[in-house]
1. Taking the range B:36-62 as the region of interest, how many residues are of a type in the set (V, I, T) and either under 13 Å from A:Q54 (Cβ atoms) or touching a Ser or Thr at 6+ places or on another chain (Cβ under 8 Å) (or both)?
2. Given the options A:N92, A:N47, name the one that is in contact with a Phe, Trp or Tyr (Cβ under 8 Å, 6 or more places away or on another chain) and crowded, with 21+ Cβ neighbours inside 10 Å.
3. Against the condition of a type outside the set (A, V, I, L, M, F, W, C), facing chain B (nearest Cβ under 10 Å) and touching an Asp or Glu at 6+ places or on another chain (Cβ under 6 Å), how does A:N115 come out, does it pass?
4. With B:G73, B:G88, B:G56 as the choices, which residue is within 8 Å of chain A (Cβ to nearest Cβ) and more than 14 Å from the chain's Cα centre (by Cα)?
5. Pairs needed: first member in the range B:93-117, within 10 Å of chain A (Cβ to nearest Cβ); second member anywhere, aromatic (F, W, Y) and in a helix (DSSP H, G or I); C-beta distance under 7 Å; at least 6 residues apart or different chains.
6. Filter the range B:1-52 down to residues that are within 14 Å of B:Q108 (Cβ to Cβ) and more than 11 Å from chain A (Cβ to nearest Cβ) and give me whichever is farthest from the chain's Cα centre (by Cα).
7. If a residue must be farther than 17 Å from B:A110 by Cβ, touching a helix residue (DSSP H, G or I) at 6+ places or on another chain (Cβ under 8 Å) and more than 7 Å from every other protein chain (Cβ to nearest Cβ), how many such residues does the range A:32-54 contain?
8. Select, from A:M124, A:M100, the only residue that is over 23 Å from B:N116 (Cα atoms), facing chain B (nearest Cβ under 10 Å) and surrounded by fewer than 17 Cβ atoms within 10 Å (Cβ to Cβ).
Amino acid sequence: MLSWFADGPAQPSGRHPVFNDVTSVTLEAAISGLAERQRVTANNIANLETPGFQARAVKFEQNLADAVNAHQPAQARIDNLPTGDLPGQNGNNVNLEREMVNATETGLQQKLLTNTITSRFGWMSTVLKG
Amino acid sequence: MFEAIDTSGTGLTAYRAWIDVLANNIANVNTVKPMSGNAFQAQFAQAQEIAAGPDGIGRGVRVTALPLSSREGIPTYDPTNPVADAEGYVRRPDIDMNQQMGDLILAQRAFQANANAVERSTAMYESAIAIGKGI
(Lines give C-alpha, C1' and ligand atoms only; values in the text may rest on other atoms or scores of the structure.)
Protein backbone atom coordinates (compact mmCIF):
# COMPACT_ATOMS: atom_id res chain seq x y z
CA MET A 1 0.00 0.00 0.00
CA LEU A 2 2.88 2.37 0.77
CA SER A 3 4.47 1.84 -2.62
CA TRP A 4 1.10 2.66 -4.13
CA PHE A 5 1.22 6.19 -2.82
CA ALA A 6 4.73 6.59 -4.17
CA ASP A 7 4.12 5.22 -7.69
CA GLY A 8 0.41 5.57 -8.28
CA PRO A 9 -1.10 7.91 -10.82
CA ALA A 10 -2.11 11.36 -9.79
CA GLN A 11 -5.38 11.46 -7.89
CA PRO A 12 -8.19 13.52 -9.34
CA SER A 13 -8.06 16.94 -7.73
CA GLY A 14 -10.27 17.55 -4.76
CA ARG A 15 -10.42 13.87 -3.82
CA HIS A 16 -8.73 12.43 -0.80
CA PRO A 17 -5.94 10.06 -1.86
CA VAL A 18 -6.45 7.69 1.09
CA PHE A 19 -10.15 7.13 0.56
CA ASN A 20 -10.16 7.50 -3.22
CA ASP A 21 -7.26 5.31 -4.24
CA VAL A 22 -7.75 3.04 -7.24
CA THR A 23 -8.82 0.09 -5.08
CA SER A 24 -11.59 1.95 -3.27
CA VAL A 25 -12.89 3.60 -6.42
CA THR A 26 -12.82 0.25 -8.25
CA LEU A 27 -14.75 -1.43 -5.45
CA GLU A 28 -17.35 1.32 -5.51
CA ALA A 29 -17.68 1.12 -9.31
CA ALA A 30 -18.12 -2.65 -9.10
CA ILE A 31 -20.81 -2.27 -6.41
CA SER A 32 -22.64 0.24 -8.62
CA GLY A 33 -22.50 -2.23 -11.50
CA LEU A 34 -23.86 -5.02 -9.31
CA ALA A 35 -26.65 -2.79 -7.99
CA GLU A 36 -27.67 -1.97 -11.56
CA ARG A 37 -27.51 -5.66 -12.49
CA GLN A 38 -29.78 -6.50 -9.57
CA ARG A 39 -32.34 -3.92 -10.73
CA VAL A 40 -32.27 -5.22 -14.29
CA THR A 41 -32.66 -8.79 -13.01
CA ALA A 42 -35.62 -7.69 -10.87
CA ASN A 43 -37.17 -6.06 -13.95
CA ASN A 44 -36.66 -9.21 -16.01
CA ILE A 45 -38.31 -11.33 -13.31
CA ALA A 46 -41.18 -8.83 -12.94
CA ASN A 47 -41.79 -9.19 -16.69
CA LEU A 48 -41.53 -12.98 -16.70
CA GLU A 49 -44.88 -13.35 -18.47
CA THR A 50 -45.23 -9.95 -20.20
CA PRO A 51 -45.88 -10.61 -23.91
CA GLY A 52 -43.16 -9.25 -26.17
CA PHE A 53 -40.82 -8.29 -23.31
CA GLN A 54 -37.12 -8.42 -24.14
CA ALA A 55 -34.83 -9.36 -21.26
CA ARG A 56 -31.76 -7.20 -20.63
CA ALA A 57 -28.42 -7.92 -19.00
CA VAL A 58 -25.83 -5.65 -17.36
CA LYS A 59 -22.20 -5.94 -18.42
CA PHE A 60 -19.51 -3.89 -16.68
CA GLU A 61 -16.65 -6.20 -15.67
CA GLN A 62 -14.61 -5.86 -18.87
CA ASN A 63 -15.17 -2.08 -18.99
CA LEU A 64 -14.05 -1.82 -15.38
CA ALA A 65 -10.95 -3.94 -15.98
CA ASP A 66 -10.03 -1.74 -18.96
CA ALA A 67 -10.68 1.42 -16.93
CA VAL A 68 -8.48 0.14 -14.07
CA ASN A 69 -5.68 -0.60 -16.54
CA ALA A 70 -6.04 2.98 -17.76
CA HIS A 71 -5.92 4.18 -14.09
CA GLN A 72 -9.42 5.66 -14.45
CA PRO A 73 -11.73 3.24 -12.61
CA ALA A 74 -14.30 5.99 -11.99
CA GLN A 75 -14.81 6.28 -15.77
CA ALA A 76 -15.91 2.65 -16.22
CA ARG A 77 -19.09 2.36 -18.25
CA ILE A 78 -22.00 0.14 -17.20
CA ASP A 79 -23.72 -1.41 -20.24
CA ASN A 80 -27.36 -2.45 -20.13
CA LEU A 81 -28.01 -4.54 -23.24
CA PRO A 82 -30.74 -6.89 -24.54
CA THR A 83 -29.80 -10.54 -24.03
CA GLY A 84 -30.92 -11.33 -27.59
CA ASP A 85 -32.17 -14.78 -26.55
CA LEU A 86 -34.76 -16.48 -28.73
CA PRO A 87 -38.26 -15.47 -27.62
CA GLY A 88 -40.95 -17.99 -26.75
CA GLN A 89 -44.49 -18.19 -28.12
CA ASN A 90 -45.58 -14.81 -26.70
CA GLY A 91 -42.46 -12.96 -27.81
CA ASN A 92 -40.99 -12.96 -24.30
CA ASN A 93 -37.41 -14.16 -23.87
CA VAL A 94 -36.86 -14.06 -20.10
CA ASN A 95 -34.98 -17.12 -18.86
CA LEU A 96 -36.07 -17.47 -15.23
CA GLU A 97 -33.39 -20.01 -14.33
CA ARG A 98 -30.64 -17.73 -15.53
CA GLU A 99 -32.15 -14.72 -13.79
CA MET A 100 -32.18 -16.66 -10.51
CA VAL A 101 -28.56 -17.71 -10.96
CA ASN A 102 -27.71 -14.06 -11.75
CA ALA A 103 -29.52 -12.86 -8.64
CA THR A 104 -27.66 -15.36 -6.46
CA GLU A 105 -24.26 -14.53 -7.96
CA THR A 106 -24.88 -10.80 -7.77
CA GLY A 107 -25.85 -11.08 -4.10
CA LEU A 108 -22.72 -13.04 -3.21
CA GLN A 109 -20.42 -10.75 -5.20
CA GLN A 110 -22.00 -7.73 -3.56
CA LYS A 111 -21.40 -9.25 -0.12
CA LEU A 112 -17.79 -9.97 -1.04
CA LEU A 113 -17.20 -6.39 -2.21
CA THR A 114 -18.93 -4.73 0.72
CA ASN A 115 -16.96 -6.93 3.14
CA THR A 116 -13.76 -5.95 1.33
CA ILE A 117 -14.57 -2.26 1.68
CA THR A 118 -15.31 -2.77 5.37
CA SER A 119 -11.95 -4.56 5.80
CA ARG A 120 -10.14 -1.67 4.15
CA PHE A 121 -11.87 0.80 6.43
CA GLY A 122 -10.84 -1.47 9.31
CA TRP A 123 -7.17 -1.20 8.34
CA MET A 124 -7.43 2.56 8.09
CA SER A 125 -9.14 2.64 11.45
CA THR A 126 -6.31 0.55 12.93
CA VAL A 127 -3.75 2.98 11.53
CA LEU A 128 -5.65 5.98 12.83
CA LYS A 129 -5.95 4.51 16.30
CA GLY A 130 -2.22 3.79 16.35
CA MET B 1 -33.40 4.08 -3.13
CA PHE B 2 -34.19 0.37 -2.97
CA GLU B 3 -35.42 0.45 -6.59
CA ALA B 4 -34.87 -3.28 -7.10
CA ILE B 5 -37.40 -4.02 -4.35
CA ASP B 6 -39.91 -1.57 -5.92
CA THR B 7 -39.47 -3.30 -9.28
CA SER B 8 -40.15 -6.72 -7.79
CA GLY B 9 -43.10 -5.18 -5.93
CA THR B 10 -44.72 -4.24 -9.24
CA GLY B 11 -44.29 -7.87 -10.27
CA LEU B 12 -45.98 -9.09 -7.08
CA THR B 13 -48.88 -6.68 -7.65
CA ALA B 14 -49.33 -7.62 -11.30
CA TYR B 15 -49.18 -11.39 -10.76
CA ARG B 16 -51.45 -11.13 -7.74
CA ALA B 17 -53.97 -9.27 -9.93
CA TRP B 18 -53.67 -12.02 -12.54
CA ILE B 19 -54.25 -14.71 -9.89
CA ASP B 20 -57.32 -12.79 -8.61
CA VAL B 21 -58.75 -12.59 -12.13
CA LEU B 22 -58.15 -16.30 -12.74
CA ALA B 23 -59.69 -17.22 -9.39
CA ASN B 24 -62.80 -15.19 -10.23
CA ASN B 25 -63.07 -16.83 -13.66
CA ILE B 26 -62.71 -20.32 -12.20
CA ALA B 27 -65.22 -19.57 -9.45
CA ASN B 28 -67.75 -18.58 -12.13
CA VAL B 29 -67.15 -21.47 -14.48
CA ASN B 30 -70.66 -22.76 -13.77
CA THR B 31 -72.43 -19.39 -13.57
CA VAL B 32 -75.44 -19.60 -15.87
CA LYS B 33 -77.25 -16.51 -17.17
CA PRO B 34 -80.54 -16.15 -19.05
CA MET B 35 -80.46 -15.73 -22.85
CA SER B 36 -81.96 -12.23 -22.48
CA GLY B 37 -78.71 -10.86 -21.04
CA ASN B 38 -74.94 -11.33 -21.27
CA ALA B 39 -73.18 -14.50 -20.20
CA PHE B 40 -70.67 -14.27 -17.37
CA GLN B 41 -67.60 -12.86 -19.12
CA ALA B 42 -64.20 -14.21 -18.19
CA GLN B 43 -61.57 -11.54 -17.55
CA PHE B 44 -58.06 -11.51 -18.95
CA ALA B 45 -55.21 -9.57 -17.37
CA GLN B 46 -53.26 -7.53 -19.91
CA ALA B 47 -49.80 -6.51 -18.73
CA GLN B 48 -47.10 -4.21 -20.02
CA GLU B 49 -43.57 -3.26 -19.01
CA ILE B 50 -43.30 0.03 -17.11
CA ALA B 51 -41.11 2.22 -19.31
CA ALA B 52 -37.53 2.76 -18.16
CA GLY B 53 -36.64 5.92 -16.27
CA PRO B 54 -33.88 8.33 -17.29
CA ASP B 55 -31.26 5.80 -16.18
CA GLY B 56 -32.49 3.34 -18.82
CA ILE B 57 -33.42 0.62 -16.34
CA GLY B 58 -36.93 -0.83 -16.58
CA ARG B 59 -39.14 -0.33 -13.54
CA GLY B 60 -41.25 -3.48 -13.59
CA VAL B 61 -44.64 -4.40 -14.90
CA ARG B 62 -48.22 -3.24 -14.56
CA VAL B 63 -51.65 -4.54 -15.50
CA THR B 64 -52.99 -2.15 -18.14
CA ALA B 65 -56.45 -3.58 -18.89
CA LEU B 66 -58.83 -6.41 -18.04
CA PRO B 67 -60.47 -7.32 -21.36
CA LEU B 68 -63.53 -9.59 -21.24
CA SER B 69 -64.42 -12.76 -23.11
CA SER B 70 -67.48 -13.00 -25.37
CA ARG B 71 -70.80 -11.76 -24.00
CA GLU B 72 -72.67 -14.45 -25.95
CA GLY B 73 -70.97 -17.19 -23.95
CA ILE B 74 -72.02 -20.69 -24.95
CA PRO B 75 -75.81 -21.01 -25.47
CA THR B 76 -76.68 -24.36 -23.95
CA TYR B 77 -79.89 -26.40 -23.96
CA ASP B 78 -80.86 -26.83 -20.31
CA PRO B 79 -84.70 -26.76 -20.07
CA THR B 80 -84.82 -27.63 -16.36
CA ASN B 81 -82.75 -24.57 -15.43
CA PRO B 82 -84.93 -21.91 -13.75
CA VAL B 83 -83.42 -19.14 -15.93
CA ALA B 84 -83.92 -21.05 -19.21
CA ASP B 85 -85.87 -19.21 -21.94
CA ALA B 86 -89.01 -20.55 -23.72
CA GLU B 87 -86.87 -22.80 -25.98
CA GLY B 88 -84.95 -24.11 -22.95
CA TYR B 89 -81.65 -22.31 -23.60
CA VAL B 90 -79.28 -20.61 -21.12
CA ARG B 91 -75.94 -18.82 -21.52
CA ARG B 92 -72.99 -20.64 -20.04
CA PRO B 93 -69.71 -18.70 -19.75
CA ASP B 94 -67.06 -19.19 -22.43
CA ILE B 95 -64.24 -20.13 -20.05
CA ASP B 96 -61.50 -22.55 -21.06
CA MET B 97 -60.66 -24.27 -17.78
CA ASN B 98 -57.46 -25.78 -19.19
CA GLN B 99 -56.19 -22.34 -20.09
CA GLN B 100 -57.25 -20.91 -16.73
CA MET B 101 -55.46 -23.62 -14.79
CA GLY B 102 -52.35 -23.37 -16.96
CA ASP B 103 -52.29 -19.60 -16.52
CA LEU B 104 -52.76 -20.04 -12.77
CA ILE B 105 -49.57 -22.11 -12.61
CA LEU B 106 -47.68 -19.47 -14.64
CA ALA B 107 -48.97 -16.64 -12.45
CA GLN B 108 -48.17 -18.50 -9.24
CA ARG B 109 -44.66 -19.35 -10.41
CA ALA B 110 -44.06 -15.73 -11.46
CA PHE B 111 -45.37 -14.46 -8.12
CA GLN B 112 -43.00 -16.77 -6.24
CA ALA B 113 -40.07 -15.68 -8.41
CA ASN B 114 -40.80 -12.03 -7.59
CA ALA B 115 -41.17 -12.76 -3.87
CA ASN B 116 -37.80 -14.49 -4.04
CA ALA B 117 -36.30 -11.52 -5.90
CA VAL B 118 -37.50 -9.20 -3.08
CA GLU B 119 -35.60 -11.32 -0.55
CA ARG B 120 -32.42 -11.29 -2.61
CA SER B 121 -32.57 -7.54 -3.19
CA THR B 122 -33.18 -7.02 0.53
CA ALA B 123 -30.07 -9.06 1.35
CA MET B 124 -28.06 -6.96 -1.12
CA TYR B 125 -29.21 -3.65 0.31
CA GLU B 126 -28.54 -4.96 3.82
CA SER B 127 -24.96 -5.81 2.92
CA ALA B 128 -24.54 -2.31 1.46
CA ILE B 129 -25.97 -0.78 4.64
CA ALA B 130 -23.51 -2.87 6.67
CA ILE B 131 -20.46 -1.27 5.01
CA GLY B 132 -18.17 -0.02 7.75
CA LYS B 133 -20.06 -1.79 10.49
CA GLY B 134 -18.04 -2.78 13.54
CA ILE B 135 -15.12 -0.45 12.88
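1. Keep residues of the range B:36-62 that are of a type in the set (V, I, T), which gives B:50, B:57, B:61.
Cutting the leftovers down to either under 13 Å from A:Q54 (Cβ atoms) or touching a Ser or Thr at 6+ places or on another chain (Cβ under 8 Å) (or both) gives us B:50, B:61.
Number of matching residues: 2.
2. Exactly one of A:N92, A:N47 is in contact with a Phe, Trp or Tyr (Cβ under 8 Å, 6 or more places away or on another chain) and crowded, with 21+ Cβ neighbours inside 10 Å, namely A:N47.
3. No: the conditions fail for A:N115.
4. Values: B:G73 fails: within 8 Å of chain A (Cβ to nearest Cβ); B:G88 fails: within 8 Å of chain A (Cβ to nearest Cβ).
Result: B:G56 is the single residue among B:G73, B:G88, B:G56 that is within 8 Å of chain A (Cβ to nearest Cβ) and more than 14 Å from the chain's Cα centre (by Cα).
5. B:A107/B:Y15; B:A107/B:W18; B:A110/B:Y15; B:F111/B:Y15; B:N114/B:Y15
6. Going through the range B:1-52, the residues within 14 Å of B:Q108 (Cβ to Cβ) turn out to be B:11-12, B:14-23, B:26, B:45.
Those still in the list that are more than 11 Å from chain A (Cβ to nearest Cβ) too: B:16-17, B:19-23, B:26.
Numbers: B:R16: 6, B:A17: 4, B:I19: 4, B:D20: 6, B:V21: 5, B:L22: 6, B:A23: 9, B:I26: 12 Å.
Only one residue tops the list, namely B:I26.
7. Residues in the range A:32-54 being farther than 17 Å from B:A110 by Cβ, touching a helix residue (DSSP H, G or I) at 6+ places or on another chain (Cβ under 8 Å) and more than 7 Å from every other protein chain (Cβ to nearest Cβ): 4 in total.
8. Details: A:M100 fails: over 23 Å from B:N116 (Cα atoms).
Within the list A:M124, A:M100, the selection yields A:M124.
The values are calculated or read from the model by the stated rules, or taken from the named source; none is laboratory data. If you're wondering where the values come from, they're calculated on a predicted model, not measured in any experiment. With ideal geometry, Cβ positions are generated from the backbone for all residues, glycine too; neighbour counts draw on all protein chains shown.
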